[in-house]
Structures are given as structure tokens and as C-alpha cells.
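Asks: Encoded as C-alpha cells, here's the structure I'll be asking about.
The values are calculated or read from the model by the stated rules, or taken from the named source; none is laboratory data. All values reported here derive from a predicted model rather than from experimental measurement. As a convention, Cβ positions derive from the backbone with ideal geometry for all residues, glycine included, and neighbour counts pool all protein chains shown. Side chains included, ligands, DNA and RNA excluded: accessible areas come from the protein's heavy atoms. Shrake-Rupley method; radii C 1.70, N 1.55, O 1.52, S 1.80 Å.
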Amino acid sequence: MKIMMLGAPGVGKGTIAKRLVARYNTPQLSTGDMLREAVKGGTEVGLQAKGYMDAGELVPDDVVIGVIGERLKRPDVNDGFILDGYPRTIPQAEALAAITDLDVVIRLTASDETIVERLSGRRIAEDGTIYHIKNFPPPPDVKVIQRDDDKEQAIRQRLFVYRKQTAPLVEYYRDKGALKDIDADASRTVDEIFEDCCSVL
Ligand code: AMP
């Protein structure tokens with residue numbers, strides 16, 4: 001199945017995508033992870049992307065479309081995939097549509113308050129496990145980092161960018177009949193949100 005996770009930064013796309021990967025044994029394609037790898041590796045894409053990422057801006061469409069286009073050529077995606085963080089603009093969605101259709105677009109929704117709380121408390125371990133300083137604190141022996149763009153100034157910028165550039169995708173995919181809305185607000189547990197997602201697949 002070809003699935004896309006849509007929603008504001010911090011709404012839980014990555015967390016839910018990881019659980020879907022485990023249940024459905026299908027690859028997760030996170031452009032954020034791919035770009036962070038590229039930055040770490042000092043590649044040309046990384047050099048192009050870094051400034052935008054640190055500022056909480058979107059990396060230019062041509063760069064991201066190139067990255068995902070290469071990834072979608074690999075054979076492990078033939079039976080399906082979970083897109084996490086892509087597409088984020090209408091031109092990206094159109095570039096994707098030229099390569100493949102999506103079966104389901106899962107949109108996670110939450111209040112701004114929930115999102116800012118989740119992002120500012122988010123900490124990430126070396127193995128990719130996502131913790132939260134209050135809700136899911138890392139064990140004392142696990143080394144975690146805070147992403148530079150999880151600091152307050154960048155969070156606000158990312159939310160602004162989401163509304164302006166990514167939110168139009170909600171109508172784009174609703175018109176295509178692919179959109180499923182899932183309530184991911186703070187009153188709900190990750191297990192509940194995950195089960196809701198499974199029930200629409
Ligand atoms: P994420 O981990 O999905 O929150 O992405 C982190 C950052 O990577 C974003 O704030 C953007 O700077 C960049 N990025 C990730 N995916 C995309 C995309 N589809 N289009 C443009 N920029 C992206």
C-alpha cells in the first residue's frame with residue numbers, strides 16, 4: 001500500500017509512521033531524515049539544504065523532488081511505502097503524481113498548543129527513538145539530542161511555513177478522495193491514534 005502521512009510538524013507523523021513500518025513491514029521514506037543524513041555526510045544536497053533546515057524553512061522543491069525521485073527508483077518500494085514529510089508543497093505533490101499514485105493520505109490533526117509542547121520537549125536517541133522530556137523521558141543511560149529546529153524560534157517558523165505551503169495539500173488530496181483525518185491531539189494516546197490509522201488502511 002502507498003501511504004502518505006500529512007500534518008503539521010510535531011503532530012506525530014514520524015512516530016506513527018515507525019509503528020506502521022513495524023506492523024506492515026513496508027519502508028518509511030522520510031525526507032527530513034534523508035536531508036539530515038545528507039547534511040551529516042556533507043554531500044552537495046546537504047550543503048544546499050542545511051541553511052533552510054536550520055531556519056525552519058522548506059528546502060527548495062527541485063532539491064527535494066530529486067532526492068525522493070532517486071529513492072523511489074529503489075526496488076524495496078515496489079510493493080508500497082510510507083511517505084513521512086513528503087510532499088510538502090503542491091509542486092512536490094504534482095511531481096509525485098507523475099511517478100505514482102497514493103492509496104491513502106492520513107492527515108493527523110492537533111492543536112497548536114499540543115504541537116509546540118510536543119516539539120519543544122522532543123529528544124531523539126542515536127537509534128532514532130523519539131522521546132519526550134515529560135511524556136516519554138529517555139532512560140538515564142540513553143544519550144539524546146534536541147534537533148536545532150525544535151527550538152522555539154524555528155518551531156514557530158515551521159508552523160507558519162506549514163500553514164502557508166503545506167496546508168493546501170489537504171484540499172488537494174481531499175479532492176482526489178484519498179484523505180483520511182485522524183485526531184492526534186494530546187487527549188489521545190499513541191496507541192489510540194495508531195489503531196485509528198490502521199483502521200483506515
Ligand atoms: P521534518 O523532519 O520532516 O520535520 O523535516 C525537517 C526539515 O527538513 C524541514 O523543516 C525542511 O527544512 C526540510 N524538509 C523535509 N521534508 C521536506 C520537503 N518535503 N520539502 C521541503 N523541505 C523539507
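Asks: Are there any trypsin sites (Lys or Arg not before Pro) in the stretch 1-75 that are in a DSSP loop and have at most 12 other Cβ atoms within 10 Å? List them by number. If you can, show how the numbers build up before the last one.
Replies: Values: sites: 2, 13, 18, 19, 23, 36, 40, 50, 71, 73; in loops: 73.
In loop regions of the stretch 1-75 (DSSP not H, G, I, E or B), the sparsely surrounded trypsin sites (Lys or Arg not before Pro) are 73.
Asks: Continuing with this model, one more query. Within 13 Å, Cβ to Cβ, of residue 162, how many net charges do the neighbouring residues add up to if Lys/Arg are +1 and Asp/Glu are -1?
Replies: Values: positive: 13, 88, 107, 156, 158, 163, 164; negative: 57, 112, 149.
Overall, the nearby charge balance is +4.
Asks: What net charge is computed for the residues neighbouring residue 94, neighbours being all others with C-beta under 15 Å from the C-beta of residue 94, Lys and Arg scored +1, Asp and Glu -1?
Replies: On the way: positive: 88, 176; negative: 61, 62, 101, 171, 175.
Value of the local net charge: -3.
Asks: Please give the charge dipole size of the stretch 1-96, origin at the Cα centre, charges +1 on K and R Cβ atoms and -1 on D and E Cβ atoms. Round to the nearest 20 debye. Walk me through the numbers before you get to the answer.
Replies: On the way: 12 positive and 12 negative charges, 91 e Å.
The calculated dipole for the stretch 1-96 is roughly 440 debye.
Asks: Okay, next question. Of the heavy-atom accessible surface of the chain (probe 1.4 angstrom), what whole percent is carbon and sulfur?
Replies: Details: 5360 of 10540 Å².
Ligands and nucleic acids excluded, carbon and sulfur give 51 percent.
Asks: Ok, one more. Please name whichever of 81, 184, 115 sits farthest to the positive end of the charge dipole of the chain, dipole taken about the Cα centre and charges placed at Cβ: Lys and Arg +1, Asp and Glu -1.
Replies: Going by the Cα projections, it comes out as 115.
Asks: Net charge near residue 185: determine it from the other residues with C-beta under 15 Å of the C-beta of residue 185, scoring Lys and Arg +1 and Asp and Glu -1.
Replies: On the way: positive: 13, 107, 118, 188; negative: 112, 113, 117, 181, 183, 191, 192, 196.
Neighbour charge sum, excluding residue 185 itself: -4.
Asks: While we're here: Using the heavy atoms of the protein chains and a 1.4 angstrom probe, tell me the accessible area per residue for the chain in square angstrom.
Replies: Numbers: 10540 Å² over 201 residues.
Roughly 52 Å² per residue, with all protein chains present.
Asks: Something else: In whole angstrom, note down how far apart the Cα centers of the stretch 148-199 and the stretch 56-133 are.
Replies: Their Cα centres are 11 Å away from one another.
Asks: Right, something else. Show which lysines lie in cross-link reach of residue 50 when reach means a straight Cα distance below 19 angstrom and same-chain residues fewer than eight apart are skipped.
Replies: Partners found: 40, 151.
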